[in-house]
Amino acid sequence: MTDSIDPAIPLDTTESVEWSGRPRVTTVLPAVVVGVLLIVSGIVVSVARGTPLFLAVVPLGAAIPLWNYFALQGVQYVITEEALYVKRGVLTRSVTQANLETVQNSSFEQDITGSIFGYGSVTFEIAGGDDLSFRAIEDPRAIRALVDRTAANDDGLGGDGRRESGIPGDLTQWRQIRDEIRALRSSLEE
């Protein structure tokens, strides 16, 4: 699934989009229920009491689901071969980016309705930062697997060699450099 990417997301010209998506629209249903209840109760109470005073809640009942829908449309998730992005907001925008190299762990969860209807949330643990979550997305297991595959590298620290690391050398070479620097430091301190 690849939606058009919002221009607020700062993609590099060399980045290719692996996946993009939005939360499911059905997550607005609780707000629709609250809105309908407010509208119906406002009309019923106004008719029963013979006063239009309670009709004031009707616009509020309509505004709640509309607000939730537009807020939901302001959320976009993007996965490239280099980073994860979460964009939030319609009028004001906020974009959170995490390089795939900093993803330490990932997990997905589905409640009972998510299991039945095929949606859930994926959470990524980011080194040195807050967790990043893709909420109410289609097929969270596949999205987690996509990020795990894309984040795999061959830098000696994990992964299975699917992608070249931007760090030169391997772990053994870096340990040798560390030992040389320690030897130099101890000779200078003497």
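Computed from the coordinates by the stated procedures, all read-outs in this text should not be read as laboratory data. The shown structure was predicted, so the numbers you read here are calculated from the model rather than taken from an experiment. Every residue, glycine as well, gets a Cβ built from its backbone with ideal geometry; the counts of neighbours run over all protein chains shown.
Helices in the chain, meaning DSSP H runs of at least 4 residues, each add -39500 (n - 2.57). Divided by all residues, the mean residue ellipticity at 222 nm is -13000 deg cm²/dmol.
Quick one: order 39, 181 by neighbouring beta-carbon count within 10 Å, fewest to most. So the ranking, lowest neighbour count to highest, is 181, 39.
For residue 106, the amide hydrogen comes within under 5 Å of the amide hydrogens of 125, counting only partners 5 or more places away or on other chains and with H modelled in the peptide plane.
Were the residues from residue 49 through residue 90 laid out at 0.36 nm apart, the gain over their Cα-Cα distance would be 10.8 nm. Note on the range 46-61 and the range 5-19: Cα centroid distance 48 Å, given to the nearest whole angstrom. Long hydrophobic helices in the chain: the complete DSSP H runs spanning 18 Å or more by Cα along their own axis with mean Kyte-Doolittle hydropathy of at least -1.0 are 29-49, 57-73, 171-189. Hull volume per residue, based on the alpha-carbon atoms of the chain and their convex hull, is 190 Å³. Taken over the alpha carbons of the range 11-117 as equal point scatterers, the Debye sum produces base-10 log I(q)/I(0) values at 0.18, 0.21 Å⁻¹ of -0.97, -1.12. Here the label points at residue 62 and residue 41, each 7 Å from Cα along the C-beta direction, are separated by 2.0 nm in the simple model.
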